[in-house]
Amino acid sequence: MLRLVSDRAKRLLFSSSSSVLTITSTSARMRFFSSSSTDKTTITSPVTVETINPKIVKCEYAVRGEIVTHAQRLQQELQEKPGSLPFDEILYCNIGNPQSLGQQPITFFREVLSLLNHPPLLDGSETHALFSSDSVERAFNILEMIPGRATGAYSHSQGIKGLRDDIASGIAARDGFSANAEDIFLTDGASPGVHMMMQLLIRSENDGILCPIPQYPLYSASITLHGGTLVPYYLDEATGWGLEISEVKKQLDDARSKGITVRALVVINPGNPTGQVLAEDNQKEIVEFCIKEGLVLLADEVYQENIYVDNKKFNSFKKISRSMGYGDEDISLVSFQSVSKGYHGECGRRGGYMEVTGFSPAVREQIYKVASVNLCSNIPGQILASLVMNPPKVGDESYESYSAQKDGILSSLARRAKSLEDAFNSLESVTCNKTEGAMYLFPRLHLPEKAISAARAVKTAPDAFYARRLLDATGIVVVPGSGFGQVPGTWHIRCTILPQEDKIPGIITRLKAFHERFMAEYRD
């Protein structure tokens, strides 16, 4: 019976009279059934790299680039063939992703999210035994803010109004100046807010955005995607990655002389990848400069909780501008905040906001339109953004445990930063500025000419060459400085401070051993 069915199927398949497909030889039939021998060169597609949007081809994002792809291949090899490599694990020091490296979430935040993800828990008799009283109360309050108590529904395009009220209250408490919920746009992390502002400001390649170099590649990528021109200004490594107004002015004038209309100035404070924290006087200079030159100030402030030195503190640019007597009529300012960084590190929750001030009602309508195209940001992310800006206060049941968790994380990050900073500075021909804030070190590699020549021989940047060799020898993943921009002729790597504290000594040991071998091999 099976043979009859098989013969009938073959006749139907290969019959020239009954089938659209005619196969006349045994070899052709074999090629048809063997997917591994399909001649892919005959397949044509209406979409090729040459025919897609060239802006996508042109943009780059180094923190998840070639080095990381190779690291993932090595991780797969370790899983399939334990002991096959000269290390037993991949140590990801390439991206600010705290919880992937073992950082634990803040209990209060997760309790509130848990209750709101399943509101019937709020009515359970066992809830008060499992959750703190203030997390239950906060969840009840937030549930009342949500229309229809529908936590899985779309919200207002700017975000749930009550949550924006809470965030505005948190900003006011932080800065000492009032904030308005109508100025708050809740976003899926800070990145969508940056993209929205680039969409708003960039009309063509003749529009430029001043960006620090080194910079977080979100900015270069988004400027490229939206068709604008990145106007670089170089941070001064010799002064701890200082932002010099004279340098910004020089680059602004140069861009204008080339016919570029510079629309905005990006400032990352605390710095990524450089880890510096701006002094208050420097911030005042920046505010004055933007007002004088008619620039929108785009303030990336996502690391505002990550300060590790006693002689620096975070001041928002809104606080600085308001303390100088400037209001909405004087300066257009957009401040970005995220739940991904700080001490909370909730990257996967995709929560954040931008505070938009100093724009006319007509322009605000256009920003709202862009937000509306995306419908709204995700609701758990919105909730978490409100919690980050309004954490437990003295007297709340969760306050002591919350404070202990927060302080424990930040103090540990400070120790890790110092240990890695000292380690890099102990290496031959490596210099590293102090990490005052954020989550990164950006040490400079004073590479021997022999190493630079070896890199050029394989058509790669010298710092990428170093990073690849480091990964292959130790399993440590860092990002080449060339992915962030740097003064021509200098070479750096970006290394996070996020691996758990008990792993830092091992990382340092591997790093030192590798660097000694590398320098012995390539020393001029």
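The values are calculated or read from the model by the stated rules, or taken from the named source; none is laboratory data. Just so we're clear, the structure is a prediction, and the values are computed from it rather than from any experiment. Note: ideal-geometry Cβ built from the backbone for every residue, glycine included; neighbour counts use all protein chains shown. Protein only, heavy atoms only, side chains kept; ligands, DNA and RNA dropped before computing areas. Shrake-Rupley method; radii C 1.70, N 1.55, O 1.52, S 1.80 Å.
Can you work out which of the residues in the range 195-218 that are open to solvent by less than 10 Å² (accessible area, probe 1.4 Å) and touching a helix residue (DSSP H, G or I) at 6+ places or on another chain (Cβ under 6 Å) is nearest to residue 185 (Cα to Cα)? That would be 198. Filtering 323, 332, 360 for residues that are more than 21 Å from the chain's Cα centre (by Cα), farther than 18 Å from residue 112 by Cβ, modelled with pLDDT under 95 and of a type in the set (Ser, Thr, Tyr) leaves a single hit, 360.
When 377, 412, 386, 403 are checked against the criterion of being of a type in the set (S, T, N, Q), open to solvent by less than 30 Å² (accessible area, probe 1.4 Å) and outside any helix (DSSP H, G or I), a single residue qualifies: 377. Is it the case that the range 320-334 has a residue that's open to solvent by less than 30 Å² (accessible area, probe 1.4 Å), under 15 Å from residue 437 (Cα atoms) and assigned to a loop (DSSP other than H, G, I, E, B)? Checked the range 320-334: no residue is open to solvent by less than 30 Å² (accessible area, probe 1.4 Å), under 15 Å from residue 437 (Cα atoms) and assigned to a loop (DSSP other than H, G, I, E, B).
Could you look through the range 472-503, keep only residues that are of a type in the set (A, V, I, L, M) and farther than 14 Å from residue 441 by Cα, and pick out the one that is most open to solvent (accessible area, probe 1.4 Å)? Even if it seems obvious, please write down each step before you answer.
First, pick out the residues of the range 472-503 that are of a type in the set (A, V, I, L, M): 473, 476-479, 487, 493, 497-498.
Right, trim to farther than 14 Å from residue 441 by Cα and you get 473, 476, 487.
Values: 473: 31, 476: 5, 487: 70 Å².
The extreme case among them is 487.
Select from the range 335-365 the residues that are hydrophobic (A, V, I, L, M, F, W, C), surrounded by 15 or more Cβ atoms within 10 Å (Cβ to Cβ), out of contact with any Gly (no Cβ under 6 Å at 6 or more places or on another chain) and not in a loop (DSSP other than H, G, I, E, B) and list them in ascending order. Within the range 335-365, 347, 356 meet the criteria. Number of residues in the range 447-467 that are within 22 Å of the chain's Cα centre (by Cα) and not hydrophobic (A, V, I, L, M, F, W, C): the value is 1.
Only residues that are over 24 Å from residue 88 (Cβ atoms), out of contact with any Gly (no Cβ under 7 Å at 6 or more places or on another chain) and hydrophobic (A, V, I, L, M, F, W, C) were counted in the range 461-505, giving 5. The helices (runs of 4 or more DSSP H) located wholly in the range 144-254 that include 3 or more residues which are at pLDDT 95 or above occupy 161-175. Taking the criterion of being under 12 Å from residue 278 (Cα atoms) and in contact (Cβ under 8 Å) with a residue 24 or more places away in the chain, the residues of the range 310-321 that qualify are 312, 313, 314, 315, 316, 317, 320. Each residue in the range 98-135 was checked for being open to solvent by less than 50 Å² (accessible area, probe 1.4 Å) and in contact (Cβ under 8 Å) with a residue 24 or more places away in the chain, and 17 pass.
Tell me yes or no: at least one residue of the range 495-510 is among the small types (Gly, Ala, Ser) and under 30 Å from residue 232 (Cβ atoms).
Step one: of the range 495-510, the residues among the small types (Gly, Ala, Ser) are 506.
Still in the list and also under 30 Å from residue 232 (Cβ atoms): none.
No, the range 495-510 contains no residue that is among the small types (Gly, Ala, Ser) and under 30 Å from residue 232 (Cβ atoms).
With respect to the conditions (1) open to solvent by 60 Å² or more (accessible area, probe 1.4 Å); (2) free of Cβ contacts under 8 Å to residues at least 60 places away in the same chain; (3) outside any helix (DSSP H, G or I); (4) not assigned by TED's automatic domain parsing to the domain that holds residue 215, residue 84 lacks only one, and its number is (1).
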